[in-house]
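Student: This is the structure, below, for whatever I ask next.
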Amino acid sequence: MGNFLPNDLVQRLNEREGFDSEAFAAVHEQGDKVTSIRLNPFKQKEVPFSGADAVPWCDLGYYLPGRPSFTLDPLYHAGCYYVQEASSMFIAHVLETVGLKDAGARALDLCAAPGGKSTLLNSYLGEGSLLVSNEVIKSRANILLDNLGRWGSANVVVTNNDPSSFKRLPGYFDLLVVDAPCSGSGMFRKDKQAIDEWSLANVKLCSDRQKRILAESLETLITDGYLVYSTCSYSEEENEDILDWLLSQYDFESIEIPIEAAWGIERTTSRIHGAVGYRFYPHQLRGEGFFIAVLRKRTDQPTFSRKRLRPEKATVPVKELENWIEEHTSFSYFMHADELYMFPKTYLDDLQWLKQVLYIKRAGTNIGKWTGREFLPSHELACSIHVHQHIAAQDVNLEVALQYLRKEALDPQDFQGRGWCLVRYKAVNIGWVKVLPNRINNYYPKEVRIMNL
Ligand code: SAM
């Protein structure tokens, strides 16, 4: 049994005390799919599917009884939830344990695309926080932009930088999350191709890369700041051995995260320094393979001069925006390449410091365009949690919502009023239309429209 799994991997796992290789092989052979979602607390209070069960370590996470067609659910497109593998949601429990939940922290998600951990961090770090969500691979950074745009928060900066760029911001972040690129064995149940691609040589390559990523970015963490390191690999070379390497090279302290026995998570320690990590196996819990560890920086980390930099002159019709944005005075507005952005005023200085050293793909929310006479709202503004509640909106049923998301022609009889109007499905905004005397202009972005379904 289980000889479709790489022998070298199974052999190593068998060396671990108490490892049940039969159950491990069986769970891969059965190929059961576990589907879970995590709610966006700023948009969705209740699970929009029946028969869901709570994920024990994440109060916003739910297992679904089957896999619905998310593509055909307008709430999915509106960023009401994120489809995320349940083990990774453990970060919610970590944030709560170390006291970062709603603490207004500055956080860096260094390897962020497609955005699972970033959307989680944004939800749990709270409205007073600042998240820098970075992805080094350009094409993947665009997916990250889409997912965070849908999520709707303005306190997020998306960057496209190599980890080494963050050296230029020493002692800045309270939290550094490194969800490292890895050999991917934890995803074997979901991705059979990964089984054929797995090799010991690749594990070694990944382990070297993980050390490089960490070495190049650790300086950006403040003294006493937390490093959360995770992979979806079962290999010790990418997990416990990385913790040993970290503790031998840097002054970090390993942090224990209390877990309940019923959760089925395995507490593990590294061979040399006894650093604590947590292993997730699909035969022991409802989730995929995952490893996570938390460390606190003890080094007295020098930082950079927090000189106030003069913000760029605003050429933005701020007065015009008060009808479009809730509490519009808590945001600052700026123009970049003809597009208007909103960003929390409390982090304006931070944005100037970030801009000096990073390639920023998007800071805050892109709210639209100012033509000189008129404000043209963007799709991101429709998805924003800050869009004004008194803007004209039209509630539509599922059929009309899907016509809208397919960017099809809409029936004027389904819409009332005139001018810009939010299309709303189950009390959630899904985008803009412009209601004209004889027709409806559908402003859903064509790049993300539903096709062939
Ligand atoms: N955190 C993401 C989430 O929860 O949705 C998943 C991240 S995935 C495990 C690892 C990411 O690291 C990928 O997006 C990959 O493009 C990126 N990556 C690959 N090589 C990298 C490198 N040398 N430095 C930093 N990131 C890298």
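Student: Could you give me D for the stretch 144-245, from Stokes-Einstein at 20 °C and 1.002 mPa s, where the hydrodynamic radius is the Kirkwood radius over C-alpha pairs? Units µm² s⁻¹, please.
Tutor: This corresponds to a translational diffusion coefficient of 140 µm²/s.
Student: Sticking with this one: If you take all C-alpha pairs in the stretch 191-264, what percent of them are over 15 Å apart?
Tutor: Of all Cα-Cα distances in the stretch 191-264, 64 percent exceed 15 Å.
Student: Still on this structure: So, in Å, what gap is there between the alpha-carbon centers of the stretch 178-237 and the stretch 397-453?
Tutor: Cα centres, the stretch 178-237 to the stretch 397-453: 42 Å.
Student: So, counting K/R as plus one and D/E as minus one, what does the shell of residues with Cβ under 12 Å around Leu422 add up to? Mind showing how you got there, number by number?
Tutor: On the way: positive: Arg424, Lys434; negative: Asp395.
Once all neighbours under 12 Å are counted, the net charge is +1.
Student: Could you grab the relative contact order for the chain? Cα pairs under 8 Å, six or more apart, rounded to a whole percent.
Tutor: On the way: 932 pairs, mean separation 61.7, N = 453.
Averaging sequence separation for qualifying contacts and normalising by length gives 14 percent for the chain.
Student: I need the helices of the chain that pass two filters: whole DSSP H segments spanning 18 Å or more by Cα along the axis, and mean Kyte-Doolittle score no lower than -1.0.
Tutor: In the chain, the long hydrophobic H runs are 138-151, 200-217.
Student: Using only alpha carbons, build the gyration tensor for the stretch 338-453 and give me the equivalent ellipsoid semi-axes, biggest first, whole Å.
Tutor: Ellipsoid semi-axes (Å, largest first): 30, 16, 13.
Student: Can you bin the stretch 108-185 into rounded, prolate or oblate? Criterion: square roots of the alpha carbon gyration tensor eigenvalues sorted a ≥ b ≥ c, rounded for a/c under 1.5, prolate for a/b above b/c, oblate for the rest.
Tutor: rounded
Student: Would you calculate the convex hull of the Cα atoms in the chain and tell me its volume per residue in Å³? Before the final figure, lay out the partial values.
Tutor: Numbers: hull volume 64.4 nm³, N = 453.
So the per-residue Cα hull volume is 142 Å³.
Student: How much length, in nm to one decimal, is gained on full extension between Lys167 and Asn397, taken as 0.36 nm per residue of separation minus their Cα-Cα distance?
Tutor: Extending this stretch completely gives an extra 77.8 nm.
Student: Which whole-number value in Å³ per residue fits the convex hull of the alpha carbons of the stretch 334-398? Provide the component values of the computation, followed by the final result.
Tutor: Numbers: hull volume 8.5 nm³, N = 65.
Here the figure is 131 Å³ per residue.
Student: Measure out, as a whole number of angstrom, how far apart the alpha-carbon centroids of the stretch 44-91 and the stretch 119-169 sit.
Tutor: Rounded to whole Å, the Cα centres lie 21 Å apart.
Student: Of Asn202, Ile242, Leu358, whose Cα points farthest to the positive end of the dipole of the chain (charges on the beta-carbon: +1 Lys, Arg; -1 Asp, Glu; origin at the Cα centre)?
Tutor: In the chain, that residue is Leu358.
Student: Over all directions, average the projected area of the Cα convex hull of the stretch 1-153 and note it in nm².
Tutor: On the way: hull surface 45.3 nm².
Mean projected area of the Cα convex hull: 11.3 nm².
Student: Once you charge only the Cβ atoms, +1 for Lys and Arg and -1 for Asp and Glu, what is the size of the charge dipole of the chain about its Cα centre, to the nearest 20 debye?
Tutor: 1680
Student: With only Lys, Arg, Asp and Glu charged, each at its Cβ (+1 for the first two, -1 for the last two), find how big the charge dipole of the stretch 311-363 is about the Cα centre; round to the nearest 20 debye.
Tutor: Result for the stretch 311-363 is approximately 200 debye, rounded to the nearest 20.
Student: Treating only the Cα positions of the stretch 24-68 as identical point scatterers, give the base-10 log of I(q)/I(0) from the Debye formula at each q in 0.16, 0.17, 0.22, 0.32 Å⁻¹.
Tutor: -0.50, -0.55, -0.77, -1.15
Student: Once the dipole of the chain is set up with Lys and Arg at +1 and Asp and Glu at -1 on Cβ about the Cα centre, which of Tyr63, Gly289, Cys383 lies farthest towards its positive end?
Tutor: Checked the options; the winner is Cys383.
Student: Contact order normalised by length for the stretch 184-268, with contacts defined as Cα pairs under 8 Å and 6 or more residues apart; what percent is it?
Tutor: Reported relative contact order: 31 percent.
Student: Run through all the Cα pairs of the stretch 271-378 and give the fraction in each 10 Å bin from 0, expressed as whole percent.
Tutor: Distribution as computed: 11, 29, 19, 17, 18, 6, 1 percent.
Student: Let me ask another. Between Arg439 and Thr329, what's the calculated FRET efficiency when r is the beta-carbon distance and R0 is 41 Å? Round to 0.05.
Tutor: The pair Arg439/Thr329 has a calculated efficiency of 0.65.
Student: While we're looking at this one, here's another question. Counting each DSSP H run of 4 or more residues in the chain as -39500 (n - 2.57), what helix-only mean residue ellipticity at 222 nm follows after dividing by all residues, to the nearest 500 deg cm²/dmol?
Tutor: -7000 deg cm²/dmol
Student: So for the chain, taking the charge dipole from beta-carbon charges (+1 Lys/Arg, -1 Asp/Glu), which of Val10, Ala337, Asn452 sits furthest toward the positive end?
Tutor: Toward the positive end, the furthest listed residue is Ala337.
Student: Given N residues in the stretch 48-99, what is its alpha carbon radius of gyration divided by 2.2 N^0.38 Å? Can you show the working numbers first?
Tutor: On the way: Rg = 12.3 Å, N = 52, 2.2 N^0.38 = 9.9 Å.
Rg over 2.2 N^0.38 Å, computed on Cα atoms: 1.25.
Bear in mind these aren't lab numbers, they're just calculated from the coordinates by the rules spelled out. If you're wondering where the values come from, they're calculated on a predicted model, not measured in any experiment. As a convention, Cβ positions derive from the backbone with ideal geometry for all residues, glycine included, and neighbour counts pool all protein chains shown.
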